[in-house]
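The values are calculated or read from the model by the stated rules, or taken from the named source; none is laboratory data. Here the structure is a predicted model, which means the values were calculated and not measured. Reconstructed Cβ throughout: ideal geometry from the backbone, glycine too, with neighbour counts over all protein chains shown. Note: areas computed on protein heavy atoms with side chains; ligands, DNA, RNA excluded. Shrake-Rupley method; radii C 1.70, N 1.55, O 1.52, S 1.80 Å.
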Amino acid sequence: MTVERTKVCIIGSGPAGHTAAIYAARAELQPVMLEGWMANGIAAGGQLTTTHEVENFPGFPEGILGGEICDKFRAQSQRFGTKIYSETATKVDLSSRPFHIFTDEREVVADTIIIATGAVARRLPFPGSDEGPGGFWNKGISACAVCDGAAPMFRNQPIAVIGGGDSAMEEAHFLTKYGSKVYIIHRRDELRASKIMQKRVLEHPKIEVVWDSVVEEAYANAKGLLGGVKVKNLKTGTVTDLPLAGLFFAIGHEPATGFLNGQVELDEDKYIITAADSTATSVPGVFAAGDVRDKKYRQAITAAGSGCMAALEVERFLEEHGSA
């Protein structure tokens with residue numbers, strides 16, 4: 001197994017990881033990045049690679065394809081000297097500095113680590129829900145209303161949100177700005193959301209809750225985009241047709257923290273806990289950036305900002321503590 005020595009190892013390759021890499025490389029820290037190989041079922045670059053068009057990242061007034069902006073992130077990281085390996089970190093040893101990070105091909109020995117492995121939106125499997133042939137992912141189906149809800153294809157059209165928690169209520173309320181009607185499809189006869197969030201959506205004239213129901217399948221419109229879904233009532237067994245232009249999953253996210261094996265403090269949802277106004281984790285010398293620590297905003301631009309923070313904190317840490 002190849003052994004690589006570095007001042008900072010960046011695990012992950014989305015906007016947080018690449019922003020950290022750009023700042024660290026410009027500070028002459030010669031970062032090593034493990035960008036992942038289909039880590040969590042997603043290509044290097046993270047969730048942005050599953051987004052068709054990005055319209056809310058500054059600098060791209062006409063919008064840019066998700067895969068294309070990820071390629072630009074990568075090229076900029078490499079321009080300043082980041083060494084990138086298309087390998088997935090499978091385990092780490094954080095018991096003492098220097099830290100040890102392992103992939104199937106190599107061991108990286110690092111004075112500091114920036115964890116930017118992100119979080120993956122949970123999806124429900126049903127015919128038409130994925131990216132494959134006959135699927136409508138990024139063709140009307142999404143997992144981020146804030147990212148995609150303002151797209152022209154959803155304006156003045158019926159939209160649905162799947163979920164029953166606060167996130168689903170927030171997304172449904174947000175989508176009322178754009179859709180003609182917003183349905184909340186929930187498999188139970190009561191919502192899990194807080195009372196104030198329930199009241200907000202149940203009293204909204206544009207929102208209707210479809211109780212005790214699940215989506216059975218999605219189908220196309222004449223343009224090959226999402227045209228609607230078949231919804232099954234779990235109590236009666238009745239299947240009804242619900243014409244839609246958009247369907248948004250709001251059933252939570254899974255942060256990519258399993259490989260840490262409990263060596264960094266996590267919250268009840270397995271997100272990394274960082275110090276206030278900082279990216280520092282419970283392990284001195286280990287920092288976290290992006291969606292792996294953020295379950296509130298989950299945006300590319302906020303992830304990039306925390307990547308900058310992490311790199312600056314690594315630089316200061318190394319100035320104070322030196323190499324191990």
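Tell me, which strands (runs of 3 or more DSSP E) wholly within the stretch 195-266 include 1 or more residues that are under 18 Å from PRO125 (Cα atoms) and open to solvent by 20 Å² or more (accessible area, probe 1.4 Å)?
Strands (runs of 3 or more DSSP E) meeting the threshold: 213-220, 226-233, 239-243, 253-255.
When you check ILE141 against the structure, is it closer than 30 Å to ALA27 by Cβ and of a type outside the set (Ser, Thr, Tyr), yes or no?
No: the conditions fail for ILE141.
Is there a residue being part of a strand (DSSP E or B), within 22 Å of the chain's Cα centre (by Cα) and charged (D, E, K, R) anywhere in the stretch 286-309?
No: the stretch 286-309 contains no residue that is part of a strand (DSSP E or B), within 22 Å of the chain's Cα centre (by Cα) and charged (D, E, K, R).
Examine the stretch 86-98 for a residue that is surrounded by 15 or more Cβ atoms within 10 Å (Cβ to Cβ), free of Cβ contacts under 8 Å to residues at least 12 places away in the same chain, not in a loop (DSSP other than H, G, I, E, B) and not small (Gly, Ala, Ser), and state whether such a residue exists.
No, that holds for no residue.
Looking at (1) under 30 Å from SER282 (Cα atoms); (2) within 18 Å of the chain's Cα centre (by Cα); (3) among the polar types (S, T, N, Q), find the lone condition where SER142 falls short.
Failing condition for SER142: (1).
Within the stretch 60-83, which residues are touching a helix residue (DSSP H, G or I) at 6+ places or on another chain (Cβ under 7 Å), farther than 13 Å from ALA21 by Cα and small (Gly, Ala, Ser)?
Matches in the stretch 60-83: GLY66, GLY67.
Restricting attention to the stretch 78-85, does a residue exist that is of a type in the set (D, E, K, R), open to solvent by 30 Å² or more (accessible area, probe 1.4 Å) and part of a loop (DSSP other than H, G, I, E, B)?
no
Rundown of residues vs (1) touching a helix residue (DSSP H, G or I) at 6+ places or on another chain (Cβ under 6 Å); (2) under 21 Å from GLU53 (Cβ atoms); (3) part of a loop (DSSP other than H, G, I, E, B), yes/no style:
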residue: PRO127; (1), (2), (3): no, no, yes
residue: GLY132; (1), (2), (3): no, yes, yes
residue: CYS147; (1), (2), (3): no, yes, no
residue: MET153; (1), (2), (3): no, yes, no
residue: ALA168; (1), (2), (3): no, no, no
residue: LYS177; (1), (2), (3): no, yes, yes
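Any idea which residue in the stretch 267-285 is nearest to PRO15 (Cα to Cα), counting only those that are within 18 Å of the chain's Cα centre (by Cα) and touching a residue at least 40 places away in the same chain (Cβ under 8 Å)?
It comes out as THR279.
For ASP111, state whether it is under 27 Å from ALA303 (Cα atoms) and touching a Ser or Thr at 6+ places or on another chain (Cβ under 6 Å).
Against the criterion (under 27 Å from ALA303 (Cα atoms) and touching a Ser or Thr at 6+ places or on another chain (Cβ under 6 Å)), ASP111 qualifies.
How many residues does the stretch 269-303 contain that are farther than 21 Å from GLY322 by Cα, among the aromatic types (Phe, Trp, Tyr) and crowded, with 21+ Cβ neighbours inside 10 Å?
0
Here's a check for you: in the stretch 54-77, which residue that is at pLDDT below 95 and open to solvent by less than 40 Å² (accessible area, probe 1.4 Å) is nearest to VAL3 (Cα to Cα)?
Among those that are at pLDDT below 95 and open to solvent by less than 40 Å² (accessible area, probe 1.4 Å), it is CYS70.
For THR281, all conditions in the list (1) at pLDDT below 95; (2) in contact with a Phe, Trp or Tyr (Cβ under 8 Å, 6 or more places away or on another chain) hold save one; what is the number of the exception?
It fails just one condition, (1).
Only one of these conditions is not met by GLN30: (1) crowded, with 16+ Cβ neighbours inside 10 Å; (2) touching a Gly at 6+ places or on another chain (Cβ under 8 Å); (3) part of a loop (DSSP other than H, G, I, E, B). Which number is it?
(1)
Restricted to the stretch 10-27, and to residues that are within 18 Å of ALA303 (Cβ to Cβ) and not small (Gly, Ala, Ser), which residue is most open to solvent (accessible area, probe 1.4 Å)?
Per the criteria, the residue is TYR23.
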